[in-house]
Amino acid sequence: MKYPVSLNTFLGNARAVEILKRAIEQDRLPHAMIFAGPAGVGKCTLALLIAQYLNCLSPLAGRPCGTCAACTRIMAVIESRHLQCLTSKGGEFCGSCSNCRIRTKRHPDIRLIEPEKTTIAIDQIRSLIEEIAFQPLEARYRVVVLDPAEQMRQEAHNSLLKTLEEPPSRTIIILITTNPYMLLETIRSRSRMLQFGEIPHEQIEEYLVKTREHSIEEARLAAALSGGSLAAALDFNTAEYQEIRRQALQFVVLLLKKGSFAEASSFAGRVTKDKSFFQLWIESVAVLLQDVYYAAKAVERVSHRDLLGKLQEIARDSADPAVIRSINAVSKLRGELQYNVNRQLALEAMFLALTQKI
Ligand SMILES: [Zn+2]
Ligand SMILES: [Zn+2]
């Protein structure tokens, strides 16, 4: 995966980036921050970029050089995100495979705390607290990033709270979360919260074309289906998407035809089982509905061009107001999904609301 590597080329969320830039310039960065917003918009990457700004050994016009020992070792922290060892199993690290070699190059004072299995364990927080009681080994500023912070258990929350109450010197703690309300209120009140939003599709499309991650047609589709997440767009796999799209199109037809609830319900049971499948599926439903709307009016706005004939056929059989109502309902559902709602129930409720004959 390729990520933007400077605050100046960071994609989207210009306001949050500007606030951080100014705070760095004025040396007034809060010791504790929460980066809240949708997944895949670069919150964690941004946190680690800040570490570069604070620690570069030979900055150029206030910007990190990207090549000094501090910059390259912080880059290794960014690259080591989600890296599994290639040879050993069960979360162990062999220390010698290519993934483990990236890990060994990481900066010792720039700490990325990720869940071991599914949660950030109390032991991880305890050893972190012991470590930050001492001065940083090399860095001017130690930076600790917890991602996703809401995966801390209650006791881990409480331990961390004590640290935030008496912040260690030259240490900046950044909590990354999609839902800040799952963090303790007392943690929120001691941290500066920065809200992040989705990245506009046009920016993602432009980025994908520029970096040649996808062909122009693929870039267009990947951006349209990304839900405003660069990570999702970069991960987009055209072949895998075919099956998701097939099921999304079936649902769109069922919805616009006002099909039976029983059919919709068994459909919902299938597509909501796997969270990541469902996320792409609902994005696909959203884009297909827009495509139906545009199929008869503005073909150049249709994302699934290869389906144009089928989309025009569906459009002929559906009234515009019904299509628009569906577009709005799906958009509302996508918003709700950020907050751990029951996916199947939410999907069924939407179907009922749209198809009930009054
Ligand atoms: Zn540097
Ligand atoms: Zn290894």
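Viscosity 1.567 mPa s, temperature 4 °C: give me the Stokes-Einstein translational D for the stretch 14-195 in µm²/s, with Rh taken as the Kirkwood radius over C-alpha pairs. Approximately 77 µm²/s, per Stokes-Einstein. Which aspartates and glutamates does Lys210 reach when only Cα atoms under 14 Å apart count, and residues fewer than 8 places away in its own chain are ignored? Counting by Cα, and skipping residues close in sequence, Lys210 has these aspartates and glutamates nearby: Glu202, Glu218. Based on the alpha-carbon gyration tensor of the stretch 1-62 and its eigenvalue square roots a ≥ b ≥ c, which shape applies: rounded if a/c is under 1.5, prolate if not and a/b is larger than b/c, or oblate? Note, shape of the stretch 1-62 comes out oblate.
Share of antiparallel DSSP beta bridges in the chain, in percent to the nearest 5? Counting DSSP beta bridges with both partners in the chain, the antiparallel share is about 10 percent.
Given +1 at the Cβ of Lys and Arg, -1 at the Cβ of Asp and Glu and no other charges, the dipole of the stretch 176-230 around its Cα centre is 400 debye to the nearest 20.
Expressed as a fraction of 2.2 N^0.38 Å, the rule-of-thumb size for a compact globular protein of N residues, what is the C-alpha radius of gyration of the stretch 237-355? It would help to have the intermediate numbers written out before the result.
On the way: Rg = 13.5 Å, N = 119, 2.2 N^0.38 = 13.5 Å.
Relative to the rule-of-thumb radius for its length, the stretch 237-355 sits at 1.00.
Considering only Tyr207, Gln356, Ala61, the residue lying farthest towards the positive end of the dipole of the chain is Ala61, judged by Cα position with unit charges set on Cβ. A cut-off under 12 angstrom between Cβ atoms defines the neighbours of Leu146, and their net charge, with Lys, Arg +1 and Asp, Glu -1, is -1. Taking a point 7 Å from the Cα of Phe261 along the Cα-to-Cβ direction, the residues of the stretch 272-287 with backbone N closer than 20 Å to it are 272.
Using only the alpha carbon atoms of the chain, find the Kirkwood hydrodynamic radius as the inverse mean reciprocal pair distance, in angstroms to one decimal.
Kirkwood radius, the chain: 22.4 Å.
Label positions at Ala319 and Gln84, each projected 7 Å from the Cα along the C-beta direction, are separated by 5.1 nm.
By the helix-only formula, in which each DSSP H run with n ≥ 4 contributes -39500 (n - 2.57) and the sum is divided by residues, the chain has a 222 nm mean residue ellipticity of -16000 deg cm²/dmol.
For Lys275, the lysines whose Cα comes closer than 25 Å to its Cα, not counting residues fewer than 8 places off in the same chain, are Lys2, Lys43, Lys89, Lys117, Lys332.
Annotation for the stretch 253-338: trypsin sites (Lys or Arg not before Pro) lying in DSSP loop with at most 15 further Cβ atoms inside 10 Å of their Cβ are Lys257, Lys258, Lys273, Lys297. Each Lys or Arg adds one and each Asp or Glu subtracts one; over the other residues with Cβ under 13 Å from the Cβ of Asp291, this totals +2. Around Ile327, with a cut-off of 14 angstrom between Cβ atoms, what is the net charge of the other residues, counting Lys and Arg +1 and Asp and Glu -1? Overall, the nearby charge balance is +2.
No lab work stands behind these numbers, since they all come straight from the coordinates. Note that the coordinates shown come from a computational prediction; the quantities given were computed from them, not determined experimentally. We place every Cβ from the backbone using ideal geometry, glycine too, and count neighbours over all the protein chains shown.
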